[in-house]
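**Student:** Below you'll find the structure I mean.
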Amino acid sequence: MIPFNKPFLTGKEAHYMYQAVYTGKLSGNGVFTKKCQLFFEEHYAFKKALMATSCTDALEMAAILCDIKPGDEVIVPSYTFVSSALAFVRQGARIVFADSCSDNPNIDADKIEALITERTKVIVPVHYAGVACDMDKVMEVAEKYNLLVVEDAAQAIDSFYKGRPLGSIGHLAAFSFHETKNIISGEGGLLVINDERFIRRAEIIWEKGTNRSEFFRGEVNKYGWVDTGSSFLPSETVSAFLYAQLENLDMIQDRRKAIWEQYYEGLKHLEDKGFVHLPNLPEYATNNAHMFYLVCRSLEERTTLIKYLKDNGVLSVFHYLSLHLSGYYKANYTEIPHLPFCDRFADCLLRLPMFYELKDEEIKIVVDLIDEFYKSRG
Ligand SMILES: *Cc1c(COP(=O)(O)O)cnc(C)c1O
């Protein structure tokens with residue numbers, strides 16, 4: 001069986017975790033947490049990076065920092081993971097779902113302005129598959145209406161928009177190191193703060209509503225409860241694991257991109273014949289090879305192709321049921337929007353096996369099977 005995903009270990013993870021354990025400081029905000037944060041701040045020019053227990057938690061921190069109050073509206077693409085919306089719902093936000101582009105699952109930036117009301121507070125662009133949203137347009141409309149922008153960059157490590165690192169453009173951004181992402185720590189995330197106004201409060205929210213970070217830096221002589229927050233900081237062992245991955249970021253990215261290219265070259269002729277659509281990279285975006293997907297012509301065709309691949313030893317998966325059609329949304333909202341492009345990706349998008357250790361021969365097996373499938377279908 002060719003699996004869909006296989007977490008990659010560089011070999012140094014356990015060594016660094018051992019170090020973290022035996023230096024005697026196991027809780028958060030120690031040496032490895034700081035090493036990871038510094039890595040992100042130096043590599044991607046993030047103003048401030050805070051390790052988090054997950055991307056979901058980083059998004060929850062962002063929702064608190066945006067000061068979401070019950071009834072505030074947040075614009076989110078419907079074609080995304082639940083957390084992009086849920087983190088704001090927990091603060092009482094009303095979610096306003098936006099459609100995808102016709103040729104790319106990202107939020108259609110041209111449709112955002114029509115969704116803005118007096119209660120809109122935040123826009124959440126999700127860089128699907130690590131491909132940048134049209135951030136100039138998103139930032140322009142946000143500025144015009146005085147809104148905050150939180151990038152859901154869960155999939156977007158080491159990817160760029162017009163040369164700018166994703167995660168460095170919005171006021172805030174969140175990354176994921178879940179084991180299905182390019183760079184992993186099992187569960188794990190990062191909050192990025194680009195707007196300096198939020199830095200002090202972010203550290204407090206991170207440390208259970210206390211000003212402990214300031215105390216450790218010697219800026220205050222005692223610390224106490226000053227704000228809301230939670231235990232958003234991960235233990236040192238998580239950051240130790242992540243640091244081993246970060247040291248090998250370029251190697252991991254190079255291999256993933258080579259896999260992606262091999263899929264693309266192998267399947268291009270099926271796109272030329274009109275059988276499938278392959279990922280469409282806007283000229284302003286780079287590819288970080290987070291995933292390789294194709295878009296089938298119908299739900300029925302996708303279901304049949306998944307079964308055909310599985311019967312032949314290849315696990316492919318689909319994901320994201322439209323959030324605007326979810327049970328939760330229908331139970332809590334009276335008006336259900338019509339978002340046809342989102343629904344099309346929900347029905348027709350298929351993800352192929354993509355992981356560092358995927359071999360060239362295995363990619364060829366997958367490509368040949370898809371080829372065979374479409375030969376028999378015509
Ligand atoms: C993976 C993912 C998340 C959630 O990340 P966790 O670290 O598992 O909380 C959120 N948004 C998107 C777009 C994701 O792909």
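Residue-by-condition table, conditions (1) surrounded by fewer than 23 Cβ atoms within 10 Å (Cβ to Cβ); (2) more than 21 Å from Ile123 (Cα to Cα); (3) in the same structural domain as Glu179 (by TED's automatic domain parsing); (4) over 15 Å from the mean Cα position of the chain (by Cα):
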| residue | (1), (2), (3), (4) |
| --- | --- |
| Glu42 | yes, yes, yes, yes |
| Ala45 | yes, yes, yes, yes |
| Ala58 | no, no, yes, no |
| Met61 | no, no, yes, yes |
| Asp72 | yes, no, yes, yes |
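**Student:** Kindly evaluate Tyr329 against the criterion of being in contact (Cβ under 8 Å) with a residue 24 or more places away in the chain and assigned to a helix (DSSP H, G or I).
**Tutor:** yes
**Student:** Pull up region 21-63, narrow it to residues that are closer than 16 Å to Leu246 by Cα and among the small types (Gly, Ala, Ser), then point me to the one that is modelled with the lowest pLDDT.
**Tutor:** Quick first cut of region 21-63, residues closer than 16 Å to Leu246 by Cα only: 31-46, 49-52.
Of the ones still in play, those that are also among the small types (Gly, Ala, Ser) are 45, 49, 52.
Working: Ala45: 94, Ala49: 98, Ala52: 98.
Only one residue tops the list, namely Ala45.
**Student:** Further question on the same structure: Just the residues that are in contact with a Phe, Trp or Tyr (Cβ under 8 Å, 6 or more places away or on another chain), within 11 Å of the ligand (Cβ to nearest atom) and open to solvent by less than 10 Å² (accessible area, probe 1.4 Å), please, taken from region 153-174.
**Tutor:** Ala153, Ala156 - these are the residues of region 153-174 that are in contact with a Phe, Trp or Tyr (Cβ under 8 Å, 6 or more places away or on another chain), within 11 Å of the ligand (Cβ to nearest atom) and open to solvent by less than 10 Å² (accessible area, probe 1.4 Å).
**Student:** Just to check your reading of the model, which residue among Gly71, Gly130 is on the phi > 0 side of the Ramachandran plot and more than 16 Å from the ligand (Cβ to nearest atom)? Walk me through how you get there before you give the answer.
**Tutor:** Numbers: Gly130 fails: more than 16 Å from the ligand (Cβ to nearest atom).
Sole residue among the options that is on the phi > 0 side of the Ramachandran plot and more than 16 Å from the ligand (Cβ to nearest atom): Gly71.
**Student:** Which condition does Leu249 not pass, out of (1) in contact with an Asp or Glu (Cβ under 8 Å, 6 or more places away or on another chain); (2) open to solvent by 50 Å² or more (accessible area, probe 1.4 Å); (3) modelled with pLDDT of 95 or more, if it passes all the others?
**Tutor:** Looking at each condition in turn, Leu249 falls short on (2).
**Student:** Taking Tyr374 as the residue in question, decide whether it is farther than 30 Å from Gly163 by Cα and touching a helix residue (DSSP H, G or I) at 6+ places or on another chain (Cβ under 6 Å).
**Tutor:** Numbers: farther than 30 Å from Gly163 by Cα: yes; touching a helix residue (DSSP H, G or I) at 6+ places or on another chain (Cβ under 6 Å): yes.
Answer is yes for this residue.
**Student:** When the residues of region 78-98 are filtered to those that are in contact (Cβ under 8 Å) with a residue 60 or more places away in the chain and among the aromatic types (Phe, Trp, Tyr), which remaining residue is farthest from the ligand (Cβ to nearest atom)?
**Tutor:** Phe97
**Student:** What's the total number of residues in region 5-28 that are within 30 Å of Leu315 (Cβ to Cβ) and assigned to a loop (DSSP other than H, G, I, E, B)?
**Tutor:** 8
**Student:** Look at Leu115 and say whether it is in the same structural domain as Asp152 (by TED's automatic domain parsing), out of contact with any helix residue (DSSP H, G or I) (no Cβ under 6 Å at 6 or more places or on another chain) and more than 30 Å from Asn29 (Cβ to Cβ). So that I can check it myself, show each step before the final result.
**Tutor:** Numbers: in the same structural domain as Asp152 (by TED's automatic domain parsing): yes; out of contact with any helix residue (DSSP H, G or I) (no Cβ under 6 Å at 6 or more places or on another chain): yes; more than 30 Å from Asn29 (Cβ to Cβ): yes.
Criteria met by Leu115.
The values are calculated or read from the model by the stated rules, or taken from the named source; none is laboratory data. This is a predicted model, so every value here is computed, not measured. Here Cβ is always computed from backbone atoms with ideal geometry, including for glycine, and neighbour counts include all displayed protein chains. Just so you know, the surface numbers come from the protein's heavy atoms only, side chains and all, with ligands and any DNA or RNA stripped out. Shrake-Rupley method; radii C 1.70, N 1.55, O 1.52, S 1.80 Å.
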